[in-house]
Every structure is written in C-alpha cells, then in structure tokens.
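Notes to accompany the following structure.
The values are calculated or read from the model by the stated rules, or taken from the named source; none is laboratory data. What you see is a predicted model; the values in this text were computed from it and never measured. Here the Cβ is made from the backbone with ideal geometry for all residues, glycine too, and neighbour counts use every protein chain on show. Surface areas here come from the heavy atoms of the whole protein model, side chains and all, with no ligands, DNA or RNA. Shrake-Rupley method; radii C 1.70, N 1.55, O 1.52, S 1.80 Å.
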Amino acid sequence: MTTDVPTAHTAPGRLGDPALTLGTDPRADPRMVAVLGRLGLLDHADGAPLTPDAGRETLLQFVDAVEEGFEGLFATLADGLPPIHGVTSELRTITGDGGHEIGLHVHRPEGAEGPLPVIYQVHGGGMVMLAAKGALYTRWRDELAAAGAVVVGVEYRNGGGALGPHPFPAGLEDCATGLRWVAGHLEELGGTHVVVTGDSGGGNLALALPIKAKREGWADAIAGVYAQCPYILGDWTEASLPSLVENDRYWLNRSLFPLLSEVYDPGAGNATEATCWPYHATEADLRGLPPHVVSCNELDPLRDEGIAYHRALLAAGVPSVGKVNLGLCHVGELMFRAAMPDVYAQAVRDVLGFARSLG
C-alpha cells in the first residue's frame, strides 16, 4: 500500500501547496477528515468578513454569531455519546472582587478512596466566547473525573459572547479568584494539589495564571500547568510563524484571530503584557514557575506559538514537556470523542497522569 507523503524537500501543508485543504493534506487523520467532511468543514473558509477596526459593536455582534456556530458544532459532535456513569457534579458559586458571581462546576468520581488530584479546567474560546457549561467541556470534565480526579471548571467572564463583554483582565481575574478558592478548599473538595489545564483561549489563561500568581505571591497554589493548543501570540496581522501559513484555514482561519484579540484587548493596549498574551513572557516572568506540559497539534495554525512557549520555559529553567499530536487540527483531541476514542482517551490519560505525577 502506498500513501501520498510529502517528500523531504517539500514544505508541509499550505507552505508547500497553497491549494491544500484539511481534507487533502496527507498528514490529516482520516477519521477526523471523515467527520469534518460530513459537516462540510474541510474546504478553505473565506477570509473573515471584518477587520479589527470595524468598531467594537460590530465585532461583538460577530463574536456572538461565531460563538453560536461553535457551540452548535460541539453539541453536534457530542450528540449520541454514551453516558458517563460514576461521576457526580454540582455547581458552586463564589463572588468575584467586583461582587459578580463566578460559577465553579465541580465533578467527582463516586466511591473514590483517598484524596485525589484536583484539575482546574479553563475552557477555550479565545477568551471571548463559549462556556464551561457547554457540551464539549462538560464531557471533558466528566471524563477526567471518571478517570480519577476532582475536576473544577470555571465559568469566567468572556470578552464577548453570552458571558461578555468583559475585556482583559476580567476573565483572568475570575480564573484567579476561582483557583485561589479551590486551593483554599482542597480538604473540602477531597483534593491533594491543583493542576491547571486549558485549551486554546483556555490555554492562554492557564499559562497566564502562574505568571500572575508569581507576581502576587501565591504561585505555590499551582502544582503544574497542562496547556493544550494555546492561543497566546496576540498579534496575527502577519504570518510571523510558519504554522500560521502551513495550516491556515484548516478548520481555523487565521484571519479570525486578530478580530478576537481586538475584542479581548481593545486597541492592543496589552500587546506585550505576559498575562494577556503569554507568548511575550520574559525569562524573569517564567523563572521559578511550576512544571508545565505544552501540547500542540500538527495541523493547527497555532502550533508554533505553543512550541515557542515550551522552549522559552526550558530556557528559563522551568520543567516542561512539549508534544505535538500528529494528524490533528486545533483541539482535535477533545472534539472527536466518537470517531477517535483512542485519541481522546490518550488525552485524558496525559492530563490525569501529569496531575498524578505532581502529588
């Protein structure tokens, strides 16, 4: 049997062939391709209909529409999955510094003996959309809990969408408040230590939290960080990293990123602030942080910013494991539970194994 594999002298993806799509790139996992093909999500999407200077109200309306589309997709992908037994869940509500409510979705395995690691899960959505209560993230927390952890998902204020509009640093402040509450209630939760995890925009916030905690003197509340496909660059007006061209419009269109970043950080007032865009963290910001895992996906436009962050952690002396999941699009390890159960199960084992290793 033969397959079409790029030769050594051919640049990968759309760097080597601008006509490639996620459906025709030979690196793509065929199971993922089949699912996205049925949903009509394989061809190159058109560029974003707006520019970052379109005006705040127009951009917020755009985010509303994108959020609806993503939540609909994730609900479709979760439809028909077998139920998860042996997990209980409850919603705790705490109060933020501004007097607003912050929801904490707490998931526990039934009948577990002894204290367990606590996984503090921060949902994705470019920091401007989606919700912890959505289908994708509720399932992810249930799966992690069923495997043997206490899992807490934080419902933070978004920069836009149904939980917005609250630009930086509102969402990060909520995540920090929730994390400090969890760290202060470990005995009540039945936990031993806290590991922070997040994907995409949640990966941004997961990486920003220990930097913020270090500055404020509570970094010992975080035992480790596991970031998946982090969205951390902050300026995508030019293709400054190869993956932004190589994998552009492979489910994610890079022209979307500057729009979301403008909603999160209006006027780019925090363009080089590490807690807003961790890609710009200095060695001083990173030195002394807890162990990290930075997990990236081969066919993700955001791949190279995650790899760069892993290397920056190592340069600062932070224990870090960097990995690239072959054949997957952005957050592909979480999206295709039905079609790729082995990939999903490996993601669960990875996060849980990392959390247990730090106990």
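Kindly list, by first and then second residue, each pair from a residue in the range 314-327 that is free of Cβ contacts under 8 Å to residues at least 60 places away in the same chain to a residue that is of a type in the set (Lys, Arg) and open to solvent by 70 Å² or more (accessible area, probe 1.4 Å), limited to pairs with Cβ atoms under 9 Å and residues at least 6 apart or on different chains.
That search, which allows pairs on different chains as well, returns Ala316/Arg287; Gly317/Arg287; Val318/Arg287; Ser320/Arg311; Gly322/Arg311.
Given (1) of a type outside the set (Phe, Trp, Tyr); (2) assigned to a loop (DSSP other than H, G, I, E, B); (3) closer than 28 Å to Asp304 by Cβ; (4) touching a residue at least 40 places away in the same chain (Cβ under 8 Å), identify the lone condition not met by Val196.
All conditions pass for Val196, except number (2).
Identify the residue in the range 264-297 that is within 17 Å of Lys212 (Cβ to Cβ) and among the β-branched types (Val, Ile, Thr) and, among all such residues, is nearest to the chain's Cα centre (by Cα).
Thr275
Counting only residues that are in contact with a Leu (Cβ under 7 Å, 6 or more places away or on another chain), among the small types (Gly, Ala, Ser) and outside any loop (DSSP other than H, G, I, E, B), which one in the range 168-193 is surrounded by the most Cβ atoms within 10 Å (Cβ to Cβ)?
Applying the filter and picking the extreme gives Gly171.
Picking from Leu104, Leu144, which residue would you name as being part of a strand (DSSP E or B), farther than 17 Å from Ala75 by Cβ and open to solvent by less than 30 Å² (accessible area, probe 1.4 Å)?
Leu104
So Asp300 ticks every box in (1) out of contact with any His (no Cβ under 7 Å at 6 or more places or on another chain); (2) within 28 Å of Arg254 (Cα to Cα); (3) surrounded by 24 or more Cβ atoms within 10 Å (Cβ to Cβ) but one. Which box is left unticked?
(1)
If you check Leu77 against the conditions, is it surrounded by 13 or more Cβ atoms within 10 Å (Cβ to Cβ) and in contact with a strand residue (DSSP E or B) (Cβ under 6 Å, 6 or more places away or on another chain)?
Criteria not met by Leu77.
Return the pairs, sorted by first residue and then second, in which the second residue is outside any loop (DSSP other than H, G, I, E, B) and open to solvent by less than 10 Å² (accessible area, probe 1.4 Å), the first residue lies in the range 110-131 and is closer than 20 Å to Leu91 by Cα and hydroxyl-bearing (Ser, Thr, Tyr), the beta carbons are less than 6 Å apart, and the residues are 6+ apart or on different chains.
If the second residue must be outside any loop (DSSP other than H, G, I, E, B) and open to solvent by less than 10 Å² (accessible area, probe 1.4 Å), the pairs left are Tyr120/Val152; Tyr120/Leu179; Tyr120/Val182; Tyr120/Val194; Tyr120/Val196.
Residue-by-condition table, conditions (1) touching a Lys or Arg at 6+ places or on another chain (Cβ under 8 Å); (2) within 20 Å of Gly198 (Cβ to Cβ); (3) in a strand (DSSP E or B); (4) at pLDDT below 95:
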| residue | (1), (2), (3), (4) |
| --- | --- |
| Cys276 | no, yes, no, no |
| Pro301 | yes, yes, no, no |
| His310 | no, yes, no, no |
| Val324 | yes, yes, yes, no |
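For the range 202-215, does any single residue satisfy the condition of being open to solvent by 30 Å² or more (accessible area, probe 1.4 Å) and in a strand (DSSP E or B)?
no
Just to verify a result, which residue in the range 250-294, among those that are among the charged types (D, E, K, R) and more than 21 Å from Glu57 (Cβ to Cβ), is most open to solvent (accessible area, probe 1.4 Å)?
Checking each candidate, the answer is Arg287.
Would you tally the residues in the range 17-38 being crowded, with 17+ Cβ neighbours inside 10 Å, free of Cβ contacts under 8 Å to residues at least 12 places away in the same chain and within 19 Å of Met335 (Cα to Cα)?
Result for the range 17-38: 1.
If I ask for residues that are surrounded by 14 or more Cβ atoms within 10 Å (Cβ to Cβ), more than 25 Å from Arg14 (Cα to Cα) and not small (Gly, Ala, Ser), which ones from the range 39-57 would you list?
Arg56
Got at least one residue in the range 339-359 being open to solvent by less than 30 Å² (accessible area, probe 1.4 Å) and acidic (Asp, Glu)?
Checking the range 339-359: not a single residue is open to solvent by less than 30 Å² (accessible area, probe 1.4 Å) and acidic (Asp, Glu).
From the list Gly191, Gly134, exactly one residue is of a type in the set (Gly, Ala, Ser) and under 26 Å from Glu298 (Cα atoms). Which is it?
Gly134
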